[in-house]
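Take a look at the structure set out below.
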Amino acid sequence: MRFHQKTNELDQDPYKDYQVLCGIEEEFLIINKNGTLAKAADDIMVKSAEILERDQNFLSSLQIKIRGLDAEPSPSQIEYVTLPLPPESLLQAVIEGRKLLTEAAKQLGVKILAQSLHPIQSDPNPISGTHINVSVQREGGLMTPEEMKVVYNYLWNFLPEIIGISANSRIFKGNLNNIASNRCANSSVLKSNGFAVIEIPENRPTLVPMRYYGRMRYKLKIGFEQDEFSKKVITNNRGERLVDITPRGPFTNISDDNDELPSRNRIEVRVVDVQLDSEDLIDIAYLCCVSALHAMKLQKTGEILQDPYHMINLENAIANGTRAVFQRGNGIKESLETSLSTWIEETEEYQDYLGIKIKNLPSKILQLENAQKELDIEYQSRKIEKLRQQGNTYVMVEFVDPRIVIDRKGNRYRITSGTQVRGTLEAKYNFNYDEVDGMATNFTAIRVINNLVVQNLKIPLKENDHVLRVQSESESLLDRLFGDFFR
């Protein structure tokens, strides 16, 4: 293997001593039927509970696969979380988790969007993604800190490949730019993490802060038991968990995990964009599972080395996705396809042991069939929308043509030609999109409609309307404090 220094031989591969468990967290955006974000996460929670109350068979099936539904920071996001499962159970768990969300959304008149970014309204948040958690342990045992370190470092080296094959968030703020995973490029919670090391506690008295009955107190540790589980897996000194890949569990320096059970030790890969096809997601999860077993073999035959070009390759994968070309030693360049093929070949024997089959890698997924294409955007008033996107949202407009405006109560008002009105620019969107298995997938077209909002009225704007004055939000605030900009 490329990132491995071999120092000894084995009579037989030890993988049969281990079992692998994998959990998946899929975050989704929720959209209205017109394609705009819908703040419906809580409603989907309630509706999902009603569905499961009525369908006990579905409930019984989910209970052995899905831990539950979780809310995200944005009310336009929701996720399901699987239990730690044997790899052969993952596909059905994903299918049923998606089924619950799409059925609840359908009954509410909204849609689940199988993309990480909304093509217009992610700015950069909300952003959705998929987290894959993998653990490997001996029968009846726990994943030790040393095993966590080895699996983490193995997957850390291959993080560029994982990003490359999963990157499909190519549209950001309405534009198809030169970045394959705008989610990874713009997320504030996918910072690059470091190579893992083992930290052994010092054999000295240590004061440990703790909360006791609501008060901050201390406990004094006199020493430590010198065994495998006294060690900590450290990937950054700050104990951050909101990173691209991280060890999880009480044998880390992540404070959020201090109270978790040791049985929750795992490695969490967080860089996977939301996949349109559930089988593509499962292939990536399978690759993580077989890699965990491969790491156990490599641990016993030598040492996993750190890729010196990791950051360069990471940036290349984020920018280029499946077209990434990686830097290797001696000035050698290697395509993602070549690297991925070698990786799969080196881990193929573990697929049979786990009873799984990687189907779409590398050939199908490298065809970019599932990536969001450039959008056909129709503007009702292109020049005015450009002003709004530049932050000039407070304007005075002269209407060239007369028009009729209707307020919320149904009252009708006539605006005559030449009328000058001051208000706030607003953009409304109507989207066309494809659907597969009840989920919205690729957006195909956008119509952008600009209104001038004046108190409770929304006046539709046309391309030939004249914008006489513009203000940013900060300029408008200064006017309200110190004078009128429009005078």
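Tabulated values for the structure
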item	result
Given charges at Cβ of Lys, Arg, Asp, Glu: the range 376-482 dipole, positive-most of T441, G410, S476	G410
Relative contact order of the chain, defined on C-alpha pairs under 8 angstrom at six or more residues apart (%)	17
Student exercise, the range 1-103 dipole from Lys, Arg, Asp, Glu Cβ charges, in Debye to nearest 20	240
Total lysine pairs under 16 Å (Cα atoms) in the range 376-482, excluding pairs fewer than 8 apart on one chain	7
Above-threshold pairs, the threshold being 18 Å between Cα atoms, out of K6/K231; K232/K300; K16/K297	K6/K231; K232/K300
Simple Cβ-charge dipole of the chain, Lys/Arg +1 and Asp/Glu -1, about Cα centre, in debye nearest 20	2100
Neighbourhood charge, 13 Å Cβ-Cβ cut-off, centred on E26 and excluding it, Lys, Arg +1 and Asp, Glu -1	-4
Separation in nanometres of the label points that stand 7 Å from Cα toward Cβ, at E53 and R2	5.4
Per-residue HN-Hα couplings for the range 89-102 [Karplus 6.51, -1.76, 1.60; θ = phi - 60°; Hz; x = Gly/Pro]	9, 5, 4, 5, 5, 5, 4, 6, x, 5, 4, 4, 5, 5
Rounded to the nearest 20 debye, dipole of the range 376-482 from Cβ charges on Lys, Arg, Asp, Glu	600
Extension gain, E260 back to R323 (0.36 nm per residue minus Cα-Cα distance, nm)	18.7 nm
Antiparallel bridge percentage (DSSP; both residues within the chain; nearest 5)	90
Under-5 Å amide H pairs with S335, H placed in peptide plane, nonlocal only	F326
Restricting the range 364-455 to trypsin sites (Lys or Arg not before Pro) in coil, as DSSP defines it, with at most 13 other Cβ within 10 Å	K373, R408, K409
Dipole of the chain, positive direction: furthest Cα of L85, T246, T301, with charges on the beta-carbon	T246
Fully extended contour minus Cα-Cα distance, from E88 to L10, at 0.36 nm per residue	25.3 nm
Calculated Rg/Rh (Cα atoms, Kirkwood Rh) (choose from [x] 0.95; [y] 1.13; [z] 1.05), label	[z]
R0 of 45 Å, Cβ-Cβ distance R215-S60: FRET efficiency to nearest 0.05	0.55
Length-normalised contact order for the range 268-369 - Cα pairs under 8 Å, 6+ apart - percent	33
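A short reminder: the numbers here are calculations on the coordinates, not readings from a lab. None of these values were measured; they are calculated from a predicted model. When we count neighbours, we look across all protein chains shown, and the Cβ atoms used for this are built from the backbone with ideal geometry, even at glycine.
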